[in-house]
Amino acid sequence: MAVTAAGGMVGRVIQTSAYTSQVQLLSDNNRTNNVSAVVKDEDGKATYGTIDGFDSETNELFFTKVSNSVKLKEGEIVSTSGLGGRYPAGLVVGTVESIETDEYGVSQVARIKPEADFNEFSQMFVINRTLDEPFLTGPEEGGAAGE
């Protein structure tokens, strides 16, 4: 499940017990810790990429795998895309601070200022969501089962 703080998304629950949960923060540089994200311009055109790194010196996230043909702008809002099923769509991650070409010249990397402060949390919220299974409902609920 996704976890947010008052400012924005901070990570996901990776382990639970009877009374506690362990949260993997977006600032964790584990190579498997990535988030499918999107930036929508003023025309509603979506640009997809991945949040997959954190610079602890500048407190910025990396938005990677962005096509060179796209023109990101500073100040644009980055949110979860919902692709991959790990996070629901629309959770604010942060804003674009700067854009550069990756080390291989293949794509762009944007530095993102997180909406949440990863150095201090007073409250965190777990986003409880259920996945719709359209073919598991009975005919009385309008599903396809039994048809």
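Could you give the size of the charge dipole of the chain about its Cα centre, using +1 on the Cβ of each K and R and -1 on the Cβ of each D and E, expressed in debye and rounded to the nearest 20?
That gives a dipole near 140 debye.
Place a +1 charge on the Cβ of each Lys and Arg in region 28-112 and a -1 charge on the Cβ of each Asp and Glu, then give the dipole magnitude about the Cα centre in debye, rounded to the nearest 20.
400 debye
Given that just one value was derived from the coordinates, which of (1) 1.32; (2) 1.20; (3) 1.89 is Cα Rg over 2.2 N^0.38 Å?
The value matching this structure is (2).
Amide H of residue 117: which non-local residues (sequence gap of 5 or more, or other chain) have their own amide H closer than 5 Å, using H built in the peptide plane?
7
Kindly write out, for region 27-41 in residue order, the coupling ³J(HN,Hα) from the Karplus curve 6.51 cos²θ - 1.76 cosθ + 1.60 (θ = phi - 60°), rounded to whole Hz, with x marking Gly and Pro.
7, 6, 8, 4, 5, 8, 8, 9, 10, 6, 10, 8, 10, 10, 7
Can you pull the one-decimal nm distance between simple spin-label points at residue 100 and residue 55, each 7 Å off the Cα toward Cβ?
That separation, rounded to one decimal, is 0.6 nm.
Excluding ligands and nucleic acids, what accessible area in Å² is computed for residue 60 using a 1.4 Å probe, to the nearest 10?
30 Å²
Quick check: with the 1.4 Å probe, what order do 57, 42, 115 take by accessible area, largest first?
If we order 57, 42, 115 from most to least accessible, we get 57, 42, 115.
For the modelled label position 7 Å from the Cα of residue 40 along Cα-to-Cβ, which residues of region 89-123 have backbone nitrogen atoms closer than 19 Å?
Output list for this probe position: 89-96, 115.
The values are calculated or read from the model by the stated rules, or taken from the named source; none is laboratory data. Please read these numbers as outputs of a predicted model, since none were measured by experiment. Note: ideal-geometry Cβ built from the backbone for every residue, glycine included; neighbour counts use all protein chains shown. Please note that ligands, DNA and RNA were not included when accessible areas were found on the heavy atoms of the full protein model with its side chains. Shrake-Rupley method; radii C 1.70, N 1.55, O 1.52, S 1.80 Å.
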